[in-house]
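The values are calculated or read from the model by the stated rules, or taken from the named source; none is laboratory data. This one's a predicted model, so the numbers in the text were calculated from it and none came from an experiment. Cβ: placed from backbone, ideal geometry, glycine included. Neighbour counts: every protein chain shown.
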Amino acid sequence: MWFKNVRVYKLSAPLTTDLSVLETALADFKFTPCTGQEALRTGFSFPLHPSIKQYCHQQQQRWFFAVKRQEKVLPAAVVNEELQPKIEAAEQEQGRSLSRKEKQALKEDLIQTLLPRAFSRSQLTHGYYDAEHQWLVINTSSASKAEDILALLRKALGSLPALPWLDNHKLNNHLQLWLQHEALPGNFQPGSEVELKAPDEEGAKVRFSNHLLSADEVQTHLQDKLVTRINLQQTEGMGLTVTDDGGIKQLSYPDSLTEQNDELGWEDLVARLDADLLLMADSLNKALQAISQQVSQVTAD
């Protein structure tokens, strides 16, 4: 339940906060398993625990949801092993080599026959809507996966005016400043990892890991390169990596936070999950707000 990587979006218009309306909207697009001939299915699932049959879980001014994705797994080696004899038989029958288009058609037909026997792989992705900041926060590092979830939300809600939470061009300027230990968000300081890339066609790239970022051998790269990702760290607090496309990766939480609810134990699993979710979202929101506010303030200056 502790988010590890997030994609954040800003809504230009607030969503409804009527829990019953949201619950009905998500339930209309609930997850159902793949049928025999289907390769992929996505739908909303239960965000807190399978025993709590709610598709939308409210906590203060946040509404949590989960999207389940199930896909059939067909290893390429298996498909190719069964495809080759079919290609050879077709070529022998027709007395000529098959075109690429014909081979692809045979492959697609074969996949359809194999799908009912394929294994299924499922993945659950959590997210939440923060009404105070009009943010959508999705627990994934993949921009394409986040866009798929936004598309499903649009189907369920009718519309979803969502854009990335930070302007990429402005963010690039701030990444440069942060590496120079200037205009840092909140009480964050540069950590020990950074990646820089030259803006020319060749795009020479350099990455420092477990390194003192204030060192001259790091700072000199700012003369001809742009920061594409940088690790930020709070003293005895949260750590995260900000990328130049606005993604937040490698989230880490201090033991003092993750162990805060240990006194609750795990006898009441749902209560413990709910309490941990609250801690996680509160700390994550503070970090996101610090980054967002700093970008806005420096831009305004």
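All told, Gln61 falls short of being in contact (Cβ under 8 Å) with a residue 12 or more places away in the chain, touching a strand residue (DSSP E or B) at 6+ places or on another chain (Cβ under 6 Å) and not small (Gly, Ala, Ser). The residues of the stretch 213-245 that are touching a residue at least 40 places away in the same chain (Cβ under 8 Å) and within 26 Å of Asp276 (Cβ to Cβ), listed by number, are Asn231, Leu232, Gln233, Gln234, Thr235, Gly237, Met238, Gly239, Leu240, Thr241, Val242. Across the stretch 17-48, the qualifying residues are those that are among the polar types (S, T, N, Q) and touching a residue at least 24 places away in the same chain (Cβ under 8 Å), and the one among them that is nearest to Glu71 (Cα to Cα) is Thr42. Of Asp244, Asp282, Asp274, all but one fail to be surrounded by fewer than 16 Cβ atoms within 10 Å (Cβ to Cβ) and under 23 Å from His133 (Cβ atoms); the exception is Asp282. From the set of residues in the stretch 1-18 that are under 21 Å from Leu273 (Cα atoms) and modelled with pLDDT of 95 or more, which is surrounded by the most Cβ atoms within 10 Å (Cβ to Cβ)? The residue in question is Val6.
One residue stands out among those in the stretch 27-41 that are at pLDDT below 95 and assigned to a strand (DSSP E or B): the one that is surrounded by the fewest Cβ atoms within 10 Å (Cβ to Cβ), which is Leu40. Regarding the stretch 123-141, can at least one residue be identified that is more than 24 Å from Asp276 (Cβ to Cβ) and assigned by TED's automatic domain parsing to the domain that holds Asp18? Checked against the condition, which is being more than 24 Å from Asp276 (Cβ to Cβ) and assigned by TED's automatic domain parsing to the domain that holds Asp18, the stretch 123-141 yields at least one hit.
Of everything in the stretch 42-76, what is under 25 Å from Trp266 (Cα atoms) and part of a loop (DSSP other than H, G, I, E, B)? Give them in sequence order. Answer for the stretch 42-76, where residues must be under 25 Å from Trp266 (Cα atoms) and part of a loop (DSSP other than H, G, I, E, B): Phe46, Pro47, Leu48, His49, Pro50, Ser51, Ile52, Lys53, Gln54, Tyr55, Cys56, Gln60. Within the stretch 157-193, take every residue that is in a loop (DSSP other than H, G, I, E, B) and among the acidic types (Asp, Glu) and give me the one that is farthest from the chain's Cα centre (by Cα). Out of the qualifying residues, it is Glu182.
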